[in-house]
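Everything on this sheet refers to the single structure shown next.
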Amino acid sequence: MAKYKSIFTRAVHVGERGPKPDFKPVSTPIYNSVGYLYEDLKDLDAVFGNERPGYVYARYGSPTNSALEEVLADLEEGEAALTFGSGMAAVYAALMAAGVKTGASLLSAFDVYGATYAICARLLPDWGVKTKFVDVTDLGEVQRVLAELKPAAIILETISNPLMKVADIPAITKLAHRAGAKVIVDNTFATPVLYQPLKHGVDFCVHSTTKYIGGHGDVLGGAIVSSQANRKILHEIIKMTGGNLGPAEAWLTLRGIKTLPLRMRQHCTNAMEVAKRLQGHPQISKVNYPGLADHPQHELAMKLFPEGLFGGMISFEIKNAGKKEVFRFMESLDLVLPATTLGDVYSLTLYPAMSSHRALTPEERKKGGISDGLVRLSVGIEEVGEIIGDLEQALAKIE
Ligand SMILES: Cc1ncc(COP(=O)(O)O)c(C=O)c1O
């Protein structure tokens, strides 16, 4: 006998909120519920008051996201993590949590992802934040600017986008902390398989999980791994500003992360072979890959990434090429896809001047070494001979 008589009420409630199961699902389900119930309202009150863990409302947290946060914190060897709806939401929240506000200053690496650069160069100055950019491979310059600017924070990438410069994170973190600045490292390109910034004192380790962590080009997301204390600050921010990762997206990312170490191995070994082959190609004037002996920070990369894995990202300059020649090359590719992302199982190519670094003025791009002939390649997990073959046939199409 149904508890309610009306078909309207029964259609809404029957089948919901069954008894507590005496089994555990092997993999985490997608908890799509926005709200959560407790038998005693005191428990709901305690969760709201942060006196006990639990869930009350999806913007405050939800179980699928917690599972992803737990594994992210574990792989990065941090205390805690918080997931966001995109990498940029995570970058932005990290800046806020690090104390970047009106009247404060911010130091940024010059070659960071274009949208991060745009936040630092355009959005924050409009709000009265003084920002400066440095080449983080010049430690003397970093030290000098830290002393002069006294920034609230410094933001940089482990392996930079798109020039693959490697930052001496342990040294920069020491310098920054001595100057009273918090350190935000975007570890998207390296992933915890190559490097774990928190082990070297970094305060906020940011990821665009859209990339290697999700890994399949089907889910946008971001995350910050940090201490519990910093996670509390971030949690207060996300509770007010939102920008959460949805549970379905958290679930896809959680599924992706399971094969992250396997995929990274293949990305890295493939990238090394592709980089070597491109280096010897008569139409290529420069290859940027930290695994190559002539990379300016190769020694540092060997120290920071002791497993001998240098990432899946390469950039290279096509000899005497501008937009027309680069477009011809990219349009001639068959296997390698000209898509605006990276870190997927697929090999992907991108023209930074048109996409990731479009927000920069031509002068800013030139200053940063992003030439009109520069192509970025995210080496996928396909068979490496077939990737190389495709690149070579496309290069042959440029007159
Ligand atoms: C290094 C890096 N950080 C952050 C982002 C932004 O991530 P999302 O697109 O997930 O917002 C990107 C995007 O390409 C990136 O390459």
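The values are calculated or read from the model by the stated rules, or taken from the named source; none is laboratory data. All values derive from a computational prediction rather than experimental measurement. We place every Cβ from the backbone using ideal geometry, glycine too, and count neighbours over all the protein chains shown. Accessible surface is based on the protein model in full, side chains and every heavy atom, while ligands, DNA and RNA are left aside. Shrake-Rupley method; radii C 1.70, N 1.55, O 1.52, S 1.80 Å.
Looking across segment 372-399, just one residue is open to solvent by 40 Å² or more (accessible area, probe 1.4 Å) and under 27 Å from Cys120 (Cβ atoms), and that is Asp372. In the set Pro162, Pro151, only one residue is open to solvent by less than 10 Å² (accessible area, probe 1.4 Å), within 16 Å of the ligand (Cβ to nearest atom) and part of a loop (DSSP other than H, G, I, E, B); that residue is Pro162. Listed by first and then second residue, the pairs linking a residue in segment 355-366 that is on the phi > 0 side of the Ramachandran plot and in a loop (DSSP other than H, G, I, E, B) to a residue that is open to solvent by 30 Å² or more (accessible area, probe 1.4 Å) and at pLDDT 75 or above, with Cβ atoms under 6 Å apart and 6 or more places separating them unless they lie on different chains, form an empty list. Restricting Asp168, Asp138 to those that are away from the ligand (no atom under 16 Å from the Cβ), open to solvent by 10 Å² or more (accessible area, probe 1.4 Å) and touching a residue at least 60 places away in the same chain (Cβ under 8 Å) reduces the list to Asp168.
Evaluated against (1) closer than 18 Å to Gly114 by Cβ; (2) more than 10 Å from the ligand (Cβ to nearest atom), Val193 falls short on exactly one condition, (1).
Can you confirm whether Val71 is free of Cβ contacts under 8 Å to residues at least 24 places away in the same chain and surrounded by fewer than 20 Cβ atoms within 10 Å (Cβ to Cβ)? For Val71, the condition - free of Cβ contacts under 8 Å to residues at least 24 places away in the same chain and surrounded by fewer than 20 Cβ atoms within 10 Å (Cβ to Cβ) - is not met. Looking only at segment 74-93, residues that are within 16 Å of the ligand (Cβ to nearest atom) and open to solvent by less than 20 Å² (accessible area, probe 1.4 Å) come to 9 in all. Just one of the listed residues (Pro53, Pro63, Pro29) is modelled with pLDDT under 95 and surrounded by fewer than 20 Cβ atoms within 10 Å (Cβ to Cβ), namely Pro53.
Against the conditions (1) in contact with a His (Cβ under 8 Å, 6 or more places away or on another chain); (2) away from the ligand (no atom under 14 Å from the Cβ), Asn187 satisfies every one except (2). For segment 239-262, the tally of residues that are outside any helix (DSSP H, G or I) and without any contact (Cβ under 8 Å) to a residue 24 or more places away in the chain stands at 1.
State all residues of segment 99-113 that are away from the ligand (no atom under 16 Å from the Cβ) and open to solvent by 10 Å² or more (accessible area, probe 1.4 Å); if no residue qualifies, say none.
Step one: list which residues in segment 99-113 are away from the ligand (no atom under 16 Å from the Cβ), which gives 99-107.
Of everything in segment 99-113, those that are away from the ligand (no atom under 16 Å from the Cβ) and open to solvent by 10 Å² or more (accessible area, probe 1.4 Å) turn out to be Gly99, Val100, Lys101, Thr102, Gly103, Ala104, Ser105.
Here is the figure for segment 292-304: residues that are open to solvent by less than 70 Å² (accessible area, probe 1.4 Å) and in contact with a Gly (Cβ under 8 Å, 6 or more places away or on another chain) total 2.
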